[in-house]
1. Under the Kirkwood approximation for Rh and a Cα-based Rg, what ratio Rg/Rh is obtained for the range 54-107?
2. May I ask you to compute the full-extension gain from E63 to T127, defined as 0.36 nm times their residue separation minus their alpha-carbon distance, rounded to one decimal in nm?
3. Between T92 and N36, what length in nm is gained on full extension when 0.36 nm per residue of separation is reduced by their alpha carbon distance?
4. Using a 1.4 Å probe, how large is the accessible area of E66, given in Å² and rounded to the nearest 10?
5. Tell me, what does the Kirkwood hydrodynamic radius of the range 58-152 come to in angstroms if you use every pair of distinct C-alpha atoms?
Amino acid sequence: MRQTDMAIRDTTKKPYIADRDDNIFIGIDYPFHKSNGPEGYFKSTETTITAVKNNIKMLLMTEKGERIMQPTLGLGLRRFLFEQYTPDLKLTVQNEITDMVNFWLPFVNIKDLQINMGPDTDVGRNTMKIKIDFNITRDPNTLESVQVEIGE
């Protein structure tokens, strides 16, 4: 057997580890606030799924160019708030969200994406309600959701 015919084991991938240790923290909890516990100065998230939910929320609410040194991070969804809500606009917003999540959070698999802009809001208030059902690719048996409201 030649060496090129042998299977190559990828040892660079880290295994998915369930969050069982209370002394390990994954990311910073949003909104920022001081910690009263052992995690450091800022309050931190204790589970991977909580950190991913925070990351999705922050990605949806960040405007393009808002993040220093990362000018392409964010979606800029506020520009759609005063647009006529049509099926084409809904599809455009869904595509932008899907593309950004795939680029910035490639380990997230979107299962369902709902966008509502409509008559259920008060006159003079333009809002966009987004609900994403997702799972982490390394843990496909879980299904979590995030809801964000953009606008007033």
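The values are calculated or read from the model by the stated rules, or taken from the named source; none is laboratory data. Just so you know, these numbers come straight off a predicted model, no measurement behind them. For accessibility, only protein heavy atoms count, side chains too; no ligands or nucleic acids. Shrake-Rupley method; radii C 1.70, N 1.55, O 1.52, S 1.80 Å.
1. Ratio value, two decimals: 0.99.
2. Details: separation 64, 0.36 × 64 = 23.04 nm, distance 1.53 nm.
Once the chain is fully extended between E63 and T127, it gains 21.5 nm.
3. Fully extending the segment from T92 to N36 adds 15.9 nm.
4. Rounded to the nearest 10, that gives 110 Å².
5. Numbers: mean 1/r = 0.0704 Å⁻¹.
Computed over Cα pairs of the range 58-152, the Kirkwood hydrodynamic radius comes out at 14.2 Å.
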